[in-house]
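**Student:** This is the structure I have questions about; it appears just below.
The values are calculated or read from the model by the stated rules, or taken from the named source; none is laboratory data. Quick caveat: nothing in here was measured; it's all calculated off a predicted structure. Neighbour counts run over all protein chains shown; Cβ positions are idealised from the backbone, glycine included.
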Amino acid sequence: MQGTTLAAVESDDAHAGTHTWTWTEKDLPDRQPEAGVPADTLPRLLYSFEPDWQTASAKMAERYRFDAASLSPAVKAQADAIVAHAKGGDEEARAQAIFRFVTQDIRWIPLALGRAGYAPNAPEKVLENRYGDVRDKVALLLALCAAEKIDGQAVLGRTAGVPVIESVPTLAQFDHLLARLTVGGQAVWVDPSSKDAQWGIAYVGEDNLVLPLGAGALERRPLPDPAMSTAKSDETYTLDERGDLAASVRYSATGWYANAVAGALKPLKGDRLEQHFQEATAVVSAAALDQGHTLSDLTSVVGPLEVSHRYSAPGYAPAQGSFRVIELPPETLAAFDDLPSTGQARRQYALTVSPPRTVERNVTVKLPAGWKVAWVPPALDGAEAGLRWHTSCEPKAQVVECHERVAIEAKEIPADQYPAFHAAIARLDQYRERVILLTR
């Protein structure tokens, strides 16, 4: 029993040949719901009928083990067709081509692992159907890779920040399946369930115990480097004498951010895409107008995904006598406005902020002739409770350059560290509303 100090009352029934454990919940502390709470804050009962993890996983391990000699002709033919046009033709390019096929050409059925068991359908059946759940997609990925002599194995993982208890060997502790491929002698973690998944990015089970099928023992996945998921923007703003603003922004997304950008923009075509950018521009000001945008290949599984956006904002920063105030515009790509929400001043439970990631802004503001900088925000640097940040603005003649880098380095913030985290986010939120004061 996890999540509570309840003790079981044990009893035997000699006639029935049973041994019973009974837990009675009473006089429990008040548990108020909090946003972003890992699911293990409530009690859960774990039990197993297997003596160890190897026994518990042995049958399932066989269902995910493939070799080229035993694969059906349909699977081999499909694998050869996929890699025939892989750029470069090396092992990594072939593996990426297979991963892209499974993520984007095989429709995902969102059926949680365990609800329909743990055994996948045969790879040739999944190819015929062109759809599958997480079990089917991982098995198909491994089979296609095996056809091209690329090693890999299925790995059970747990979502929602719930820790895996090592002493209870049951597959029921896991609710997701990943694949770990060996490419160029290196382990590459992938999650083919999502149609927007990125190569080398699989967040399930980070900083938690996972079970590679066939290994017979649990392993711990370390947290990834926050630099693997980066939202980077290079922004140029030109202000004229009338106070009209011309903006040119280039967004670059990798990892978790690339997944989010692809998920938001791939379904949009034609007028829907035009409308999306018109609405995104309106976050700058009511008068702002979309002037054009370009997208990189959003079906790529190897980042960065890139979006360029140009817009104008008439009357954005008009003169006020001998002064002018410029507020740096917000991001027009929603995925990049990504600081965690901290609506509560204090918490009883930890706050989940995963995955580790980095936001970086590089801003150049070009000033109108006859104006000079009177004030810019002071630099702000610090590290607190899994958060690290640097922000600065520096005037250079008729140009102001601002830089911001915020790295979220933890998966969750413990309740006792939350006040410091809350204060840091509040400072950053306030600083992000940066203003530059000009004078004639």
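**Student:** Would you confirm, using the coordinates I've provided, whether GLU360 is within 30 Å of LEU273 (Cα to Cα), in the same structural domain as GLU241 (by TED's automatic domain parsing) and in contact (Cβ under 8 Å) with a residue 24 or more places away in the chain?
**Tutor:** So GLU360 passes the test.
**Student:** For PRO378, are the conditions met, namely being in the same structural domain as SER322 (by TED's automatic domain parsing), over 30 Å from PRO304 (Cβ atoms) and surrounded by fewer than 14 Cβ atoms within 10 Å (Cβ to Cβ)?
**Tutor:** Yes, satisfied.
**Student:** Only one residue in GLN104, GLN96 is surrounded by 22 or more Cβ atoms within 10 Å (Cβ to Cβ) and of a type in the set (S, T, N, Q). Which one?
**Tutor:** Residue meeting the stated conditions: GLN96.
**Student:** Just one of LEU339, LEU333 is at pLDDT 90 or above and in the same structural domain as ALA264 (by TED's automatic domain parsing); which is it?
**Tutor:** That would be LEU333, the only listed residue that is at pLDDT 90 or above and in the same structural domain as ALA264 (by TED's automatic domain parsing).
**Student:** Of everything in segment 379-407, what is touching a Ser or Thr at 6+ places or on another chain (Cβ under 8 Å) and without any contact (Cβ under 8 Å) to a residue 12 or more places away in the chain? Give them in sequence order.
**Tutor:** Selection gives ASP381 alone.
**Student:** Report yes if some residue within segment 385-398 is of a type in the set (Val, Ile, Thr), in a strand (DSSP E or B) and in the same structural domain as VAL283 (by TED's automatic domain parsing); otherwise report no.
**Tutor:** Yes, the conditions are met somewhere in segment 385-398.
Each row is one residue, and each column tells you yes or no for (1) closer than 26 Å to PRO33 by Cβ; (2) touching an Asp or Glu at 6+ places or on another chain (Cβ under 6 Å); (3) in a loop (DSSP other than H, G, I, E, B).
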site	(1), (2), (3)
GLU331	no, yes, yes
PRO340	yes, no, yes
GLN344	yes, no, yes
THR358	no, no, no
ARG361	no, yes, no
THR364	no, yes, no
GLY370	no, no, yes
ALA383	no, no, no
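**Student:** Under 6 Å between Cβ atoms, which residue pairs at least 6 apart in sequence (or on different chains) link something in segment 254-276 that is assigned to a helix (DSSP H, G or I) with a partner that is among the aromatic types (Phe, Trp, Tyr) and surrounded by 13 or more Cβ atoms within 10 Å (Cβ to Cβ)?
**Tutor:** The qualifying pairs do not exist here.
**Student:** When SER194 is evaluated against the numbered criteria (1) within 26 Å of SER300 (Cα to Cα); (2) modelled with pLDDT of 90 or more, which criterion, by number, is the only one it fails?
**Tutor:** Here SER194 clears every test but (2).
**Student:** Looking only at residues in segment 119-133 that are in contact with a Leu (Cβ under 6 Å, 6 or more places away or on another chain) and either surrounded by 24 or more Cβ atoms within 10 Å (Cβ to Cβ) or not hydrophobic (A, V, I, L, M, F, W, C) (or both), which one is farthest from VAL190 (Cα to Cα)?
**Tutor:** Looking at residues that are in contact with a Leu (Cβ under 6 Å, 6 or more places away or on another chain) and either surrounded by 24 or more Cβ atoms within 10 Å (Cβ to Cβ) or not hydrophobic (A, V, I, L, M, F, W, C) (or both), I get PRO123.
**Student:** Is it true that some residue in segment 411-434 is outside any helix (DSSP H, G or I), under 23 Å from GLU331 (Cβ atoms) and of a type in the set (Gly, Ala, Ser)?
**Tutor:** no
**Student:** Given the criteria outside any strand (DSSP E or B), of a type in the set (D, E, K, R) and under 24 Å from the mean Cα position of the chain (by Cα), does ASP297 qualify?
**Tutor:** For ASP297, the condition - outside any strand (DSSP E or B), of a type in the set (D, E, K, R) and under 24 Å from the mean Cα position of the chain (by Cα) - is met.
**Student:** Working only within segment 386-413, note down all residues that are more than 20 Å from the chain's Cα centre (by Cα) and either of a type outside the set (A, V, I, L, M, F, W, C) or within 16 Å of LEU223 (Cβ to Cβ) (or both).
**Tutor:** Correct list: HIS390, THR391, SER392, GLU394, PRO395, LYS396, GLN398, GLU401, HIS403, GLU404.
**Student:** Would a scan of segment 231-245 turn up a residue that is under 22 Å from the mean Cα position of the chain (by Cα), of a type in the set (A, V, I, L, M) and not assigned by TED's automatic domain parsing to the domain that holds ARG158?
**Tutor:** So far as segment 231-245 goes, yes, one or more of its residues are under 22 Å from the mean Cα position of the chain (by Cα), of a type in the set (A, V, I, L, M) and not assigned by TED's automatic domain parsing to the domain that holds ARG158.
**Student:** Looking at THR254, is it β-branched (Val, Ile, Thr), buried (at least 20 other Cβ atoms within 10 Å of the Cβ) and under 30 Å from ARG388 (Cβ atoms)?
**Tutor:** yes
**Student:** Tally the residues that are crowded, with 21+ Cβ neighbours inside 10 Å and assigned to a loop (DSSP other than H, G, I, E, B), restricting the search to segment 307-328.
**Tutor:** Of the residues in that region, 2 qualify.
For every residue, the table says whether it meets (1) β-branched (Val, Ile, Thr); (2) in contact with a His (Cβ under 9 Å, 6 or more places away or on another chain); (3) under 25 Å from PRO226 (Cα atoms).
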residue	(1), (2), (3)
GLY292	no, yes, no
LEU295	no, no, yes
PRO304	no, no, yes
SER312	no, no, no
ARG346	no, yes, no
ALA350	no, no, yes
LYS366	no, no, no
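**Student:** Here is a follow-up. Do we have ALA160 as within 18 Å of the chain's Cα centre (by Cα) and at pLDDT 95 or above here?
**Tutor:** no
**Student:** I'd like to verify a number: residues in segment 417-429 that are under 21 Å from ASN208 (Cα atoms) and of a type in the set (D, E, K, R), how many?
**Tutor:** So the count comes out to 0.
**Student:** Hey, can you tell me all the residues within segment 24-58 that are exposed (fewer than 13 other Cβ atoms within 10 Å of the Cβ) and at pLDDT 90 or above?
**Tutor:** Hits for segment 24-58 are PRO51, ASP52.
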